[in-house]
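**Student:** Got a structure here, written out as structure tokens. Questions coming.
Taken together, the values in this text are just the output of simple stated rules run on the coordinates, not laboratory data. Keep in mind that what you see is a predicted model, and the values were worked out from it rather than measured. Cβ atoms come from the backbone with ideal geometry, glycine included; neighbour counts cover every protein chain shown.
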Amino acid sequence: MEPMDCLVIYVPTVAAQAVRQAIGDAGAGRLGNYSHCSFSAEGTGRFTPLPGATPAIGAVGSPEEVPETRIEAIYPRSRRSAVVNAALAAHPYETPAFMTFAIDVGVPGGAGPAD
């Protein structure tokens with residue numbers, strides 16, 4: 001089984017569906033006979049655009065709070081560039097907050113979900 005990674009990305013809630021669709025189309029969220037699988041949680045994003053920023057929301061020097069959605073999806077490590085690039089292309093922010101990390105999808109003492 002190919003190594004798997006996870007993408008976690010924070011998106012303004014109004015753009016969450018577009019980002020979920022883009023990463024799913026790029027290969028994230030494939031589990032067995034399912035595609036576009038992800039988990040989302042709602043929250044509040046906070047930031048202050050600094051001089052030189054071109055914010056999609058808010059103004060330079062002014063603290064901002066935005067309803068955001070945390071999206072999590074797993075993907076085969078070989079799809080990392082495609083998934084991250086799709087997420088960034090669909091995301092409205094100038095500098096999206098995201099992380100990727102390796103995960104273990106194996107079942108202890110048994111086969112993994114794709115085996």
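**Student:** Rounded to whole Hz and in sequence order, give me ³J(HN,Hα) for segment 19-31 from the Karplus expression 6.51 cos²θ - 1.76 cosθ + 1.60, θ = phi - 60°, writing x for Gly and Pro.
**Tutor:** Listing the rounded values in order: 5, 4, 5, 5, 6, x, 5, 8, x, 7, x, 8, 10 Hz.
**Student:** With a cut-off of 12 Å, note down the residues of segment 30-60 whose backbone N falls inside the zone around a label point 7 Å from the Cα of ARG70 toward its beta carbon.
**Tutor:** In segment 30-60, the label zone of ARG70 (backbone N under 12 Å from the point 7 Å along Cα→Cβ) covers 39-45.
**Student:** Compute the Cα gyration tensor for the chain, then decide on rounded, prolate or oblate, letting a ≥ b ≥ c be the square roots of its eigenvalues: rounded whenever a/c is under 1.5, prolate when a/b is larger than b/c in the other cases, and oblate in all that remain.
**Tutor:** Verdict is prolate for the chain.
**Student:** Between segment 63-96 and segment 3-51, what's the alpha-carbon centroid distance in Å?
**Tutor:** 5 Å
**Student:** While we're on this one: Given a cut-off of under 8 Å on Cα pairs at least six residues apart, what relative contact order in percent is computed for segment 29-85?
**Tutor:** The normalised contact order for segment 29-85 reaches 37 percent.
**Student:** State to the nearest 20 debye the size of the charge dipole of the chain about its Cα centre, where the only charges are +1 on K and R beta carbons and -1 on D and E beta carbons.
**Tutor:** 160 debye
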